[in-house]
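What follows is a set of notes on a single structure, which appears directly below.
The values are calculated or read from the model by the stated rules, or taken from the named source; none is laboratory data. Predicted model, so just to flag it, every value in this text is computed and none were measured. Cβ: placed from backbone, ideal geometry, glycine included. Neighbour counts: every protein chain shown. All accessible areas refer to the heavy atoms of the entire protein, side chains included, with ligands and DNA or RNA removed. Shrake-Rupley method; radii C 1.70, N 1.55, O 1.52, S 1.80 Å.
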Amino acid sequence: MARSILKVLTDQEIAQLNEASFKILRELGVQIDDEGLRKELAERGCDVDGDRVKFKADLLEEVIANVKKHNHVTLTSRDGIKVEITPHSLVTHATGGIPEIIDLETGQKRKPVVDDVIATMRLMNQLENLDTPCSLLYPDDVPIPITQVKQTELMFRYSKKPIYGPGISSPGEAKYVVKLFQAFAGGSESLAENPIGIVGVSPESPLKIPQVICDTMKHIISAGIPTSILSAPVGGMSGPLSLAGGLAQVNAEILAFASVAYVINPETPLFYGSRLFYANMKTGSTIMGLPEIGLVSAAAAQLASSNGFLSDLYGLCCTSCTFDGQNGYENAINALVPALAGANWISGYGSMASLMVASYEQLAIDDEIMGLIKRVANGVTVNEDTIGLDVISSAVNGGMILAHPHTVKYLRCGELFIPKLGFDSVWSDWEKKGQKEIKTLARERVHELLKQDEVKALPEDLEQEVNEIIDAAAAELLK
Amino acid sequence: MTEARANPVLKLLDDQKIEQIHVASLRILQELGIKVDDADLRQQLSDLGCDVVGDRVKINPDLVGDVIANAKKHNRFTLTSRTGKKVEMNLETVVSHSSNAIPDIIDFETGECRRTNQDDVIATTRLMNQLDELDMPCALVYPNDLPAETNQLKQAELLIRYSTKPIYATASDPNTAKYLVELFNLFDGTDGRELIGLVGISPESPLYFPKAITDAMKIIISAGIPVSMLSAPLGGLSAPLSIAGGLAQVNAELLAFAVVSYVFNPETPLLYGPRLFFANMKTGCSILGLPETGIASAVGAQMALYYGFVSDLYGMCSTSCTYDTQSGYEKAINCLLPFLSGANYISGFGGLASLMVASYEQLVIDNEIYANVRKAAKGFAVNEDAFGFDVLASALKGGMFLAHPHTVKYLRNGEVFVPDLGFDSVWSDWVKKGKKDIQAVARERVNELLKKDEQESEPLSSELDKEITKIMENAAAEMLK
Amino acid sequence: MELDKLVQCVVDADMDNVKGLVEEGISDGVAPSVLLKEGLIKGLDIVGEKFESGDLFLPEMLAAAMTMKTGVEVLKPHLTGEETETAGTVVIGTVQGDVHDIGKNLVAMMLEGAGFEVIDIGIDVPAEDIVKAVEEKKPQILGLSALLTTTMPALKTTIDALKEAGLRDKVKVMVGGAPVTQDYADEIGADGYASDAAGAVTLARGLVQS
């Protein structure tokens, strides 16, 4: 079935937003710090005004036409697991780089270490609704200048699934990240045509691509690593507060980034990574559980699709700092709304407290929430057989619907969601089973799943190659 | 909150599939028909062109067509509470109501689950007075300490006495219906109709109208009190397990209900209440937190719009028995789906454990969930001003977004949701404030709101009090032998 | 006649073939008690295990039980009194005011599958009729069901009526239905409560033994 069954905006409103973004790019332009790129853009018809590049519709149309040619991406992991991302798919990824974690044993919040990155990667291998893991955590025991390289290495080592790589923001690390991608892909294969994962790169809001990002892009995009363009302004702080205004700006930032990427390497697949979010406007702290996150993500899914992009959007996210009802409704609303609007790739597994705290239990709970959401996105099948007039007729004549083969058939083909983690019985049963809340069930599940996950050693030559890359990165970056 | 809504935006099914369900329902009505216990009613339906075979009435599609066309003319009405609060019901509004007659409650003091009583009906009704997202209360809990025969009537009496909002009552027998009409008539103004509420009535599934139900219908519908037609089969047990099949049956039952109502009084407004739900198919126990509850409600809302009925749907349902993440996601998903699909009337405030356990805290939490859902379903303005080109231009020249009048304007207009109960800050602040989960915050709020309602409550006029008492005494004399 | 076929027939809930297979067994000279124990019952035991472990849904369990029941009907005339001995007798119905029979039917089917003789007295049964049924049928167990909060009080009325008739200690009463809880069951003086049909079978077995 068609995935975009929810229309937050009408087609006309989408056209208006695109027009507004074109106007921003045409009249205000984007600050691009790299002189060489500015020159190349000028050659393609852009007006360069100091460090600002003003884009014309012709180039943007050309970029959009090219994007449309690359909107079917298949990621294949080293273990052979494939994840297809197409205009009709709904796949998921984890949040990346969370600075703190709730300890699985003590329940206390602390800084994560490499072992946590490994354990969460292994846990994510076992979560059936999670398609592509990210390095959920920012390991505190790795020197900062090589963290992105180390995260990439750990993801490739421990993930059985294709990876959603870390956000890359330094060219020094980008170089080694590319080497890791090439090593794990088996060397010569084209990363654009047969990718094993992707990375995210962020421009700066409003409307700026700094030199380090330009240089990072040159490494990543030239190598053909599929890239999610993560434009993440805070409404009212680095973008307009009005939702439409924020979206117009995000859309402009993503189109500008895509144009720069086009100049560098038009073959690299790109994802529309709107990350527009909001703050508690009394304190200025950004909070991720607001329903506007889901709403603008849904609109962004529509915008992405209108411009031929695959979308990569916020999904599960919450302000709540504990496993309460708020945690549930915030995560559910923010993931369901974009999922219904046709988002292709949604984020958020494993996070709490506005993406500032990670949790093992939350990873397991999020897998359950995503199970419900994927069920909803599958919709309802209407045909002669599902309508089942015979069943109703037999019931009216005294037959038992429960024992009818039609009932068994539809149960077996997944007409009803079957909770894997959530409680699925009645109060008396809940009491009998020890009055457990879902967090307690999730803890038990985490232990089980971690026991199940087997770690295989890398082939010797790959092990050696990876170690050499990491050593070289350390030697260069940790001076 | 009652609010005018934009066009519904979620379509789980396209128009052609909706039409296909409609056609299937017509076939069900024509070929299988409904079982009607009342011989007189069967005769009346026969006079309207239905085929009567034994106790089954086979309804012809033309009659259904006429009934639908007629119902469309009566899909707009206003309810007015005892204290004058108005709730508009029509295809453009979304109105919320609570769950009904839950048999157990989590005691507010001890936290233990126990049987509910009359005092709980009163306290939860007063709490609901103070929930700004809740438009209409039902008697949330079942007063177990009162006799079964007059129980529904007592629920309505307590609502009338304690609610400052229009009320949602239920009737499943003619005696209850008779005295319910008398209670409602106390508020029937002289210049035009003043309706204090509406009444929900349920036939049996599959396709069965017992005499007690059609007798109750006759009384309520003849009196012109708006009726919510509630068809509530359990998929796989009293309807096909496939969602489309369940909906075809529900739709047939609701259309049949409308046909029967048409016989009694074609002027009475009817609400379309598809309440298809499902069970854990390993135990047979019905569980309401499944996403299929929301999916079926969403399509139900589409069906209602297709006919032009005001819809009355399940909303915040949960299987969870505690205030955990599961209660949150189940309620959010099941409320959001019908809301986005154009539902007009959404239920579910206050229930946990598949509507078998009520909770004071949950009422307050549901108020917050509903506010979030309402905001997520509201959409936003897309126009030149909202694009904020000037703000962006000024920011690029070194201006601040934060201090710009555009930001303040949109903030004041409610562009970004401001949580009323939910936590809205960062971890360190959460720790500083005592690591409270939303249940703890809700507990505090319950106390505050109950105190507030006590201060605001106005006693009934002694005249009204006397009249209500008299009706209830008569009812008791007749119904409690 | 291969017994495995009969076992598999119950496992597959193959309603169309069970009758023929049992008849074939009888005409092939297989002892009726063997057809029962090593055919039909063995098949249902396998299904029961799969159901317990969560591999099967309720409708699949039920369909297998119905298949076995059909087979037993064919077999019955050929079995001796001892061989047809049941696990116990259960009178079952919904209380006055309640017309919802799905739960009750389900429990009845599951009890039959477990070897009980079930006497179904239907829906909306007034207390005095239930008392009469207990008097006449002398069951070990009386199963009462109420789906609605409004009809739940009739469970108590019925138990009180049994007391008045002096029959309360002659029969074990088990109650069920969505709004019923263990506490409520205790409060109205029932002997047992189960939250689902499988639980009701376990409960009934326990009550018969006690």
Original post:
Does B:Ala279 qualify as being surrounded by fewer than 24 Cβ atoms within 10 Å (Cβ to Cβ), more than 8 Å from chain A (Cβ to nearest Cβ), without any contact (Cβ under 8 Å) to a residue 60 or more places away in the chain and over 16 Å from B:His22 (Cα atoms)?
Top reply: no
Original post:
Any idea how many residues of the stretch A:236-254 are assigned to a strand (DSSP E or B) and more than 7 Å from chain B (Cβ to nearest Cβ)?
Top reply: 0
Original post:
Of these, A:Thr268, A:Thr283, which one is at pLDDT below 95 and of a type in the set (S, T, N, Q)?
Top reply: A:Thr283
Original post:
Of the residues in the stretch B:98-130, how many are surrounded by fewer than 18 Cβ atoms within 10 Å (Cβ to Cβ), more than 14 Å from chain C (Cβ to nearest Cβ) and in a loop (DSSP other than H, G, I, E, B)?
Top reply: 3
**OP:** Say whether the condition of being surrounded by 24 or more Cβ atoms within 10 Å (Cβ to Cβ) and at pLDDT 95 or above is met by at least one residue in the stretch A:136-143.
**Re:** yes
Subject >> Single unsatisfied condition, A:Arg375 versus (1) out of contact with any Phe, Trp or Tyr (no Cβ under 8 Å at 6 or more places or on another chain); (2) facing chain B (nearest Cβ under 9 Å); (3) open to solvent by 10 Å² or more (accessible area, probe 1.4 Å); (4) not in a loop (DSSP other than H, G, I, E, B) >> reply: (1)
Subject >> Criterion (open to solvent by less than 30 Å² (accessible area, probe 1.4 Å), in contact (Cβ under 8 Å) with a residue 40 or more places away in the chain and either in the same structural domain as C:Arg205 (by TED's automatic domain parsing) or of a type in the set (Asp, Glu) (or both)) met by exactly one of C:Leu21, C:Leu35, C:Leu106, C:Leu62 >> reply: C:Leu106
Subject >> Any chance A:Val250 is within 19 Å of B:Gly379 (Cα to Cα), free of Cβ contacts under 8 Å to residues at least 60 places away in the same chain and in contact with a Pro (Cβ under 7 Å, 6 or more places away or on another chain) >> reply: yes
**OP:** Taking C:Ala63 as the residue in question, decide whether it is assigned to a helix (DSSP H, G or I) and closer than 30 Å to B:Asp173 by Cβ.
**Re:** no
Original post:
Any idea which of C:Val180, C:Val173, C:Val125 is open to solvent by less than 20 Å² (accessible area, probe 1.4 Å), of a type in the set (A, V, I, L, M, F, W, C) and within 14 Å of another protein chain (Cβ to nearest Cβ)?
Top reply: C:Val180
Original post:
For the subset of the stretch B:369-410 comprising residues that are buried (at least 23 other Cβ atoms within 10 Å of the Cβ) and more than 7 Å from chain A (Cβ to nearest Cβ), which member is nearest to the chain's Cα centre (by Cα)?
Top reply: B:Tyr370
Original post:
Got a number for residues in the stretch C:181-210 being more than 21 Å from C:Thr89 (Cβ to Cβ), in a loop (DSSP other than H, G, I, E, B) and modelled with pLDDT of 90 or more?
Top reply: 2
Subject >> Filtered residues of the stretch B:411-422 (kept if closer than 13 Å to A:Glu292 by Cα and either out of contact with any helix residue (DSSP H, G or I) (no Cβ under 9 Å at 6 or more places or on another chain) or open to solvent by 80 Å² or more (accessible area, probe 1.4 Å) (or both)) >> reply: B:Leu411, B:Val418
Original post:
Assuming A:Gly80 fulfils every condition listed in (1) open to solvent by less than 50 Å² (accessible area, probe 1.4 Å); (2) touching a helix residue (DSSP H, G or I) at 6+ places or on another chain (Cβ under 9 Å); (3) farther than 18 Å from A:Tyr272 by Cβ apart from one, which condition is it?
Top reply: (2)
**OP:** Among the residues of the stretch B:199-216, write down those that are away from every other protein chain (no Cβ under 13 Å) and either out of contact with any strand residue (DSSP E or B) (no Cβ under 6 Å at 6 or more places or on another chain) or without any contact (Cβ under 8 Å) to a residue 12 or more places away in the chain (or both).
**Re:** B:Thr214, B:Asp215
Subject >> Among residues of the stretch A:225-258, those that are among the hydroxyl-bearing types (Ser, Thr, Tyr) and more than 22 Å from the chain's Cα centre (by Cα), counted >> reply: 1
Original post:
Just for the stretch A:409-435: of the residues that are open to solvent by 70 Å² or more (accessible area, probe 1.4 Å) and in a loop (DSSP other than H, G, I, E, B), which one is nearest to the other protein chains (Cβ to nearest Cβ)?
Top reply: A:Gln435
Subject >> Restricting the stretch A:387-401 to residues that are within 7 Å of chain B (Cβ to nearest Cβ) and out of contact with any Gly (no Cβ under 6 Å at 6 or more places or on another chain), the residue that is surrounded by the fewest Cβ atoms within 10 Å (Cβ to Cβ) >> reply: A:Ser393
**OP:** Check the stretch B:20-42 and report whether any residue there is touching a strand residue (DSSP E or B) at 6+ places or on another chain (Cβ under 9 Å), open to solvent by less than 70 Å² (accessible area, probe 1.4 Å), touching a residue at least 24 places away in the same chain (Cβ under 8 Å) and of a type in the set (Gly, Ala, Ser).
**Re:** yes
Subject >> Which listed residue, of B:Leu45, B:Leu12, B:Leu63, B:Leu41, is more than 14 Å from chain A (Cβ to nearest Cβ), in contact with a Gly (Cβ under 8 Å, 6 or more places away or on another chain) and either modelled with pLDDT of 95 or more or not in a helix (DSSP H, G or I) (or both) >> reply: B:Leu63
Subject >> Scan of the stretch A:83-121 for residues that are touching a Phe, Trp or Tyr at 6+ places or on another chain (Cβ under 6 Å) and either of a type in the set (Gly, Ala, Ser) or part of a helix (DSSP H, G or I) (or both), ordered by number >> reply: A:Ala94, A:Gly97, A:Ile118, A:Met121
